[in-house]
1. Which residue, of 586, 545, 563, 537, is out of contact with any helix residue (DSSP H, G or I) (no Cβ under 7 Å at 6 or more places or on another chain) and surrounded by 22 or more Cβ atoms within 10 Å (Cβ to Cβ)?
2. Inspect all residues belonging to the range 282-303 and state whether any of them is in the same structural domain as residue 169 (by TED's automatic domain parsing), over 23 Å from the mean Cα position of the chain (by Cα), assigned to a helix (DSSP H, G or I) and buried (at least 21 other Cβ atoms within 10 Å of the Cβ).
3. Got at least one residue in the range 108-119 being in a helix (DSSP H, G or I) and surrounded by fewer than 21 Cβ atoms within 10 Å (Cβ to Cβ)?
4. What about residue 552, is it surrounded by fewer than 21 Cβ atoms within 10 Å (Cβ to Cβ), in contact with a strand residue (DSSP E or B) (Cβ under 6 Å, 6 or more places away or on another chain) and over 24 Å from residue 536 (Cα atoms)?
5. Can you report the number of residues in the range 319-357 which are in a loop (DSSP other than H, G, I, E, B) and touching a residue at least 12 places away in the same chain (Cβ under 8 Å)?
6. Could you please let me know if residue 507 is closer than 21 Å to residue 436 by Cα, at pLDDT below 95 and assigned to a loop (DSSP other than H, G, I, E, B)?
7. Please find, within the range 329-352, the residue that is farthest from residue 97 (Cα to Cα) out of those that are modelled with pLDDT under 95 and in contact with a helix residue (DSSP H, G or I) (Cβ under 8 Å, 6 or more places away or on another chain).
8. Inside the range 516-586, counting only helices (runs of 4 or more DSSP H) that do not spill past its ends, which hold 1 or more residues that are modelled with pLDDT of 95 or more, in the same structural domain as residue 461 (by TED's automatic domain parsing) and over 23 Å from residue 599 (Cβ atoms)?
């Protein structure tokens with residue numbers, strides 16, 4: 001794979017077929033955010049001119065390496081390496097993704113709206129943090145009635161965000177730092193302001209007349225559910241101009257494209273080609289289950305939909321090899337797995353695993369790991385080319401579609417007791433406030449996210465524990481400006497008028513002062529913890545590539561699993577990950593029979609732990625919300641140390657318990673001999689002898705972490721290439737535990753005044 005998947009620079013862009021032209025962006029007056037932008041007049045006839053080419057660095061356009069300005073108020077970062085993009089075609093397996101909401105991340109020109117240049121100026125920060133890929137939600141021209149997912153022009157950049165030159169510079173600068181770029185591609189619908197729809201409604205017999213799904217009445221596809229039940233009463237809306245109803249699975253201002261028309265498929269392929277030529281590394285395919293319709297079905301996950309996705313993948317593999325696709329399919333795992341396709345007909349490279357996310361939060365409050373075990377056991381195998389995408393929070397609500405009614409009611413009671421904390425079938429809150437700013441719970445959630453199967457995706461601001469504003473309309477509660485420093489507007493923008501900001505700043509007590517600058521200056525901060533755990537994961541590729549196996553435990557509150565490389569690999573690694581979901585300390589016995597006699601080392605502290613006994617059992621004591629990542633020696637020692645004689649300075653107990661040992665803190669005191677067989681859940685990877693195993697060539701893998709390394713940086717930031725080991729959160733009193741009061745949410749009513757922000761009044765739901 002080339003460092004940046006793009007065609008040769010002298011490759012001419014394909015001409016847009018005459019039956020489905022792509023409308024380029026038109027210059028015009030910029031409208032305030034949240035108000036409809038001027039829309040170009042619909043084309044009366046198809047254009048025959050070829051699509052404008054996007055020059056690339058390989059095409060002879062000079063791309064000078066400019067130095068991003070330092071973040072005002074943030075301590076100067078250590079010199080950052082410029083490694084460039086690796087040649088590993090499996091990069092996505094070990095990558096950490098980071099969603100940067102462009103309009104709320106960083107404003108470079110002082111208009112109150114985040115932009116591409118602002119994101120460029122923060123790339124050094126993201127590289128320092130340990131991010132491998134940035135996911136950017138839509139930045140296309142849009143009326144912004146749905147957070148930009150209502151696109152009015154597929155092949156242009158909203159002038160509020162910058163120019164095409166800015167975008168090319170972003171891709172170039174990110175690649176210099178070893179960071180890849182994935183962009184959103186909304187393939188299900190457009191805005192009703194899109195020229196395609198305007199032409200379709202005004203000229204039913206014209207070239208765009210069949211670009212959307214039209215009907216004389218609203219009786220069709222009656223078995224399809226309504227997704228936005230709190231705003232829409234039907235999937236059909238009447239258009240006065242055309243005198244017919246049009247189909248929409250989301251908002252009425254977002255008509256669905258008609259994929260039964262081959263011209264629509266060709267048009268979307270041309271759009272994808274347009275952006276692939278910029279050198280982007282992948283596409284997040286929005287709302288993929290709803291592309292086609294059929295009577296007598298739910299109109300979800302239909303065979304025609306899979307054919308469309310497979311066609312996009314085939315085109316990308318042929319013309320832009322190495323470019324990934326990531327499916328947003330909020331469905332059950334047995335349905336989502338179909339979007340990986342097959343080895344013979346692959347579809348998406350990655351798919352988000354939606355059901356895992358709510359069950360992590362459910363398990364934290366229930367104090368049991370059973371909910372997580374259950375969803376992992378229900379997850380089917382995936383093809384070797386595939387990888388799950390996992391997350392804790394993102395720009396949408398925390399969806400509760402994939403839980404039972406009883407579980408949903410319970411989660412509302414736990415996490416969204418006030419009605420305004422909810423949106424659609426979910427919860428519109430950020431990570432830290434969701435968990436009551438509990439540092440122990442946030443750390444545990446990250447430890448789970450980064451060790452479970454899949455590639456994790458972080459949401460901007462969660463690394464510093466950013467708060468929310470539930471007084472804002474709908475999902476805007478979690479889309480407020482990034483907090484960089486204590487300057488006016490928290491370093492997000494230099495605009496003088498606070499009312500010009502894209503959204504109001506966080507003012508909630510306990511969260512208003514949380515900035516990158518302040519947290520960077522605190523060695524015990526959540527920011528430094530996040531950086532260290534990300535770099536620790538990067539140092540152990542087995543967490544992304546290795547096989548996954550759930551392990552029996554004597555306590556249902558404890559989740560234990562192993563991530564293992566192929567035993568035949570010369571530098572293969574095995575990790576045992578253990579997490580206590582309970583709010584009380586637990587002693588637990590874990591069964592790992594094939595690892596009997598092996599020594600273990602705690603990766604967070606670098607301390608030796610007890611060896612697994614000759615029966616393949618390991619007994620540990622974990623503090624409340626405690627967790628371990630234990631590295632297991634490859635070879636069994638010739639003489640296994642007597643477990644009773646093993647000294648351990650942490651919370652572990654003897655590693656050789658009697659056969660009938662049970663935990664005194666077990667929710668269900670279950671003897672070890674009654675434990676069920678381990679359930680094998682895996683991510684099959686090409687060329688492995690054990691399911692779920694895949695390795696990059698040894699030369700492409702980072703070297704092992706020096707576990708003896710001690711942090712000499714007063715900020716405990718470690719070194720660039722080998723960060724210091726983490727101090728286990730569960731071992732005694734965590735450093736800085738007394739400083740956590742600044743993270744506490746002081747109530748949802750007290751101290752909160754309804755913000756005065758002219759642009760939030762009457763704002764409709766944003767995606």
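1. One residue alone meets the criteria, 586.
2. no
3. Yes, because at least one residue in the range 108-119 is in a helix (DSSP H, G or I) and surrounded by fewer than 21 Cβ atoms within 10 Å (Cβ to Cβ).
4. So residue 552 passes the test.
5. The qualifying residues number 18.
6. Working: closer than 21 Å to residue 436 by Cα: yes; at pLDDT below 95: yes; assigned to a loop (DSSP other than H, G, I, E, B): yes.
Yes; evaluated as a whole, the condition is true for this residue.
7. 345
8. Where helices (runs of 4 or more DSSP H) fall fully within the range 516-586 and carry at least 1 residues being modelled with pLDDT of 95 or more, in the same structural domain as residue 461 (by TED's automatic domain parsing) and over 23 Å from residue 599 (Cβ atoms), they are 516-520, 526-538.
The values are calculated or read from the model by the stated rules, or taken from the named source; none is laboratory data. Predicted, not measured: the structure shown is a model, and the values here were computed from it. Every residue, glycine as well, gets a Cβ built from its backbone with ideal geometry; the counts of neighbours run over all protein chains shown.
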